[in-house]
Amino acid sequence: MIAEVGHFALILALGVALVQTVLPIWGAQRGDLAMMNVGSSAAQGQLALLLVAFIGLTIAYVTSDFSLQNVVQNSHSAKPMLYKISGVWGNHEGSMLLWVLILALFGSAVALFGRNLPPDLKANVLGVQGSISVAFLTFIITTSNPFTRIHPAPFEGQGLNPILQDPALSFHPPFLYMGYVGFSIAFSFAVAALITGRIDPAWARWVRPWTLAAWMFLTIGISMGSWWAYYELGWGGWWFWDPVENASFMPWLAGTALLHSALVMEKRDALKVWTVLLAILAFSLSLMGTFLVRSGVLTSVHSFAVDPARGVFILAIMVLFTGGALALFASRAGLLRQGGLFAPVSREGALVLNNLLITTACAAVFVGTLYPLALEAVTGAKISVGPPFFNATFGPLMIPLLIAMPYGPFLSWKRGDILGASQRLWVAAFFTLLAIIAAYAVSGSGPWLAPLGIGLGMWVIMGAISEVGFRAKAFRAPLDEVLRRLRNLPRSAYGAAVAHIGIGVMVLGIVATTAWQSEKIVALSPGQTASIAGYELKFAGVVPAQGPNYSEQVGQFVVSRGGKEVTRLLPSKRLYSAPETATTEAGILGAWTGDLYVVLGDALKDGAFSVRFYFNPLVRLIWIGTIIMFLGGLISLSDRRLRVGAPKRARVRAAQVVPAE
Amino acid sequence: MLRVLLVGIFLAAAPSLPSPALAVQPDEILKDPALEKRARVISRDLRCLVCQNQSIDDSDAPLAKDLRVLVRDRLKKGETNTQVVDFVVSRYGEFVLLKPRFALHTLILWLAAPLIFFIGVFVMFRSYRRRAVEAKESGSKSLSAKEKRDLSKLLKES
């Protein structure tokens, strides 16, 4: 019964989405305010209906309603409650439902918070949002319906893949989708602007908070996935340039570029055409990410051809929206008049360089991910493109980007002074040098480039701090003035600085763990000891244990440092019963200096086990860096200028300017 | 590796999941640390043919183990890194390389990003030049005496 309610709500939502697509855009063309206003109510109605559908499916999962095919295939009555709930989106059908739910959430947020938007722009934005909903709801209802019943209903479900039964992974997809789908707002704004043919700095100011929110969620979503891979997969790695990772990384790169170019547009009325194009690209890459992971095309071109219904449908959606938006862009972009001029060395110029490097990096990832598929489809030749390729192409682009990063905020708009900026950055340069020397002294060995990498991270961090210090006139003005200035700095300035610090912190972690990771692979018998990075690990044997839905072999390691016991690490090998799968749980001792990471391997002859130890120096800084970036975004979002409607301010300013002339 | 995630979340096809476990086994490790180090460097760039996007250094598949042993055997015979890789490629094809060689069929792969970068630089340069010329033609009129007075008054007030 509950499933039918959900099913019905899902179909109704499609109807409402159709209304949301047609009426507001039509109304905007005719200048009919009543028709335009339908958009807002339709967006709210759609959210309510999809919530009902989603809750319906969740109840089916929680109560283990095995008359639903989707629940049978992905749940099990013995599964812990958390994973019964996360199982709702731990599969194709449910995750698509989550996708449209989040889409509706963003749509209704625009309807709610967009009161200051010009009515025709708002109507067009909601209309475009509605059309995306129509496409995906049709997709769900025709090819991926989570409410399909099964008869006769089995007594037990098949269970959720045990490797996915993990707290971090439970919330990884929702965050990722908040990011993916959040870019749809920027997309809808871009298409709406192209329809109306009007675009101005206020447009950029409306788009930026939405893009920023999407970017924050995507940052955390990707970071969670990386953290999960680090501790769950047992390889000690944190990023693998896997196509699935790349699929989420490309929208992130495009979104990062968009945030920066929209800044230029908001402040200087320049880069309009490019910003609109980026807004379209960011969401198109999200659609492509959805296509890549949903269609099965990544596993192999052949598995795509075997069951093409879903893949072709999403491909069609992608081509329709990307192609449609790009065609509209091509025909209308000429109308967008370019604004402010600027010299190559200027704040604008720095942001253009940022965009150029990030876009090129995104292109490198794009080509590396899709080229093997394209080559195989066209010529039949099979090649592999893996981490060594991406490290060789993506890496070099990041170095100039990071070197240039602190300069950007120190250059003034229109025409900057690079010599003056360098002088203002001398404190940062000093700390960078200090960090390089310290890194050489502490490491003693390892690649000679690594200390320079540490210096780069420090340069970015200190550059961001210097900028805030410079704007507050630190050490150049009396203390009370400095404090007053610090208080009066806009939150967005703090947000940008904090986000940049996050990047620097992440760079430190990446460089340290890549360059100085130590590893030891040994065969250990109970009672034997191994040592790594100053730790002594005594192997005390293996003990069997029983979990709620698995049995495991737990290795016992007594960790000591300088003769004193620090902790015990219990890496284990688990065997889940439904579905039958073996997983490895690493034993990790986290510390500021780095992680001690122990993986228990197979039993060898004569009672010994093969064991792998890692020491990953500063590895946690990678994820701490992403959290700092998230916080930077949060601080920026809390800026008054973004909360208060932009048009009001713009009007006030215009009113001030007129009498002065 | 996140392929696991892909398969699990998106296709719900549990049977094809690789089980995460140890790759390089203690008994495979060469006695000579320098040689072992070279073996590890080589293995990181060779693909486990039966896995998704995993190097033989990371994979616990039997075939990956065979390849690791093969690499070490060739190294022990005194071959250079290039010779070892060439041998593996001659046996298993180019698919085994995680970093494709620069050749005619990988031209686009390797040159796309640099090309996009230089096209970007070119477009930027051209639009800058064009707009600079436009601005000159439309004449950036200097302010009149009254405008200058008004401006300095405004600046003083603020």
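The values are calculated or read from the model by the stated rules, or taken from the named source; none is laboratory data. This structure is a prediction, so every number in the text was calculated from the model and none was measured. Every residue, glycine among them, receives a Cβ derived from its backbone with ideal geometry; neighbour counts consider all protein chains shown.
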Answer yes if at least one residue in the range B:75-85 is surrounded by 15 or more Cβ atoms within 10 Å (Cβ to Cβ), in a helix (DSSP H, G or I), more than 23 Å from the chain's Cα centre (by Cα) and more than 8 Å from chain A (Cβ to nearest Cβ), and no otherwise. yes
Unique match (being modelled with pLDDT of 90 or more and in a helix (DSSP H, G or I)) among B:Arg131, B:Arg101, B:Arg72: B:Arg72
Evaluate the following for A:Ser95: is it touching a residue at least 24 places away in the same chain (Cβ under 8 Å), over 19 Å from A:Thr211 (Cβ atoms) and hydroxyl-bearing (Ser, Thr, Tyr)? yes
In this structure, does B:Arg149 turn out to be outside any loop (DSSP other than H, G, I, E, B) and of a type in the set (Lys, Arg)? yes
Going by the structure shown, is B:Val96 hydrophobic (A, V, I, L, M, F, W, C), in contact with a helix residue (DSSP H, G or I) (Cβ under 8 Å, 6 or more places away or on another chain) and more than 11 Å from chain A (Cβ to nearest Cβ)? no
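Residues are listed down the side, and each one gets a yes or a no for (1) touching a residue at least 40 places away in the same chain (Cβ under 8 Å); (2) not small (Gly, Ala, Ser):
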| site | (1), (2) |
| --- | --- |
| A:Ala343 | yes, no |
| A:Gly368 | yes, no |
| A:Pro372 | no, yes |
| A:Ala392 | no, no |
| A:Ala421 | no, no |
| A:Arg424 | yes, yes |
Just to be sure before I move on: is A:Leu575 modelled with pLDDT of 90 or more and either part of a strand (DSSP E or B) or within 31 Å of the chain's Cα centre (by Cα) (or both) in the structure I sent? no
Looking across the range B:37-81 at residues that are of a type in the set (Ser, Thr, Tyr) and out of contact with any Leu (no Cβ under 7 Å at 6 or more places or on another chain), the single one that is nearest to A:Val293 (Cα to Cα) is B:Ser59
For the range A:155-196, which residues satisfy the criterion of being touching a strand residue (DSSP E or B) at 6+ places or on another chain (Cβ under 8 Å) and in a helix (DSSP H, G or I)? A:Pro162, A:Ile163
With the condition kept exactly as written, say whether any residue in the range A:220-233 is more than 14 Å from chain B (Cβ to nearest Cβ) and either in a helix (DSSP H, G or I) or not small (Gly, Ala, Ser) (or both). yes
Considering A:Leu169, A:Leu160, which residue is surrounded by 24 or more Cβ atoms within 10 Å (Cβ to Cβ), within 14 Å of another protein chain (Cβ to nearest Cβ), out of contact with any Pro (no Cβ under 8 Å at 6 or more places or on another chain) and at pLDDT below 85? A:Leu160
Of A:Ala282, A:Ala213, A:Ala193, A:Ala262, which residue is surrounded by fewer than 23 Cβ atoms within 10 Å (Cβ to Cβ), away from chain B (no Cβ under 13 Å) and of a type in the set (Gly, Ala, Ser)? A:Ala213
Tell me which residues, restricted to the range B:1-26, are at pLDDT 55 or above and more than 7 Å from chain A (Cβ to nearest Cβ). B:Ala23
Mind telling me which of the residues A:Arg612, A:Arg620 ends up being in contact with a Gly (Cβ under 7 Å, 6 or more places away or on another chain), under 19 Å from A:Gly236 (Cβ atoms) and within 13 Å of chain B (Cβ to nearest Cβ)? A:Arg612
Have a look at B:Gly120, B:Gly139 and point out the one that is facing chain A (nearest Cβ under 8 Å) and either modelled with pLDDT of 90 or more or more than 30 Å from A:Thr583 (Cα to Cα) (or both). B:Gly120
Return a yes/no flag: does the range A:549-569 have any residue that is assigned to a loop (DSSP other than H, G, I, E, B), among the aliphatic types (A, V, I, L, M) and surrounded by fewer than 19 Cβ atoms within 10 Å (Cβ to Cβ). no
